[in-house]
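Worksheet: the structure to be examined is printed underneath.
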Amino acid sequence: MPTYARATVNFAGSTVTCNPDPVPVSRASNNGVQWTANQTGYTFTGVSIDDNDAPWGDFGTPQITTNAAGQSVMTVSDSVADLGDYSYTLLYTDSAGNAGRFDPTIRNER
């Protein structure tokens, strides 16, 4: 049964990184991506692909939850119909309610 490719979004002041980046999504074993914030205080609010909010293209509607540690978790289905590297934008708010954007890459693979 396919599972989500997992990535951690690291927030450190004004610096945001994703591990791994690019996020490998395998057509054979993944049905989407799951991002987890590395700390509390940041909340995912959605995903934008080519300036279009998901659901759009190969991506489904984002499902945003909080895990037992209080960290924001966002899962998005990905049909992996198109192979290659794709830039996307993670949308989030910080603990003060300020909106932020971060642009990692997804690598769709066989």
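Observations, loosely collected:
- A full extension of the chain between ARG107 and SER87 corresponds to an added length of 6.3 nm, given 0.36 nm per residue minus the alpha carbon distance.
- Residue list for the stretch 16-44, given a label point 7 angstrom along the Cα-to-Cβ vector of SER79 and an amide N cut-off under 18 Å: 25-33
- Mean-position separation - Cα centroids, the stretch 69-110 and the stretch 1-52, in angstrom: 4
- Sorted on the mean count of surrounding Cβ atoms within 10 Å across their residues, most packed first, peptides 59-70, 93-104, 20-31 read 20-31, 59-70, 93-104.
- Summing +1 for each Lys or Arg and -1 for each Asp or Glu among the other residues whose beta-carbon sits under 13 angstrom from that of ASP103 gives -3.
- Neighbourhood net charge (15 Å Cβ-Cβ; Lys/Arg +1, Asp/Glu -1) for TYR42: 0
- Correct option for Cα extents along the principal axes in Å [calculated from the coordinates] among [x] 68, 31, 17; [y] 39, 30, 22; [z] 50, 32, 22: [y]
The numbers here are math on the coordinates, done by the rules we state, and not lab data. No experiment lies behind these values; they were computed from the predicted model shown. Heads up, the Cβs are rebuilt from the backbone with ideal geometry, glycines too, and the neighbour counts pull from every protein chain shown.
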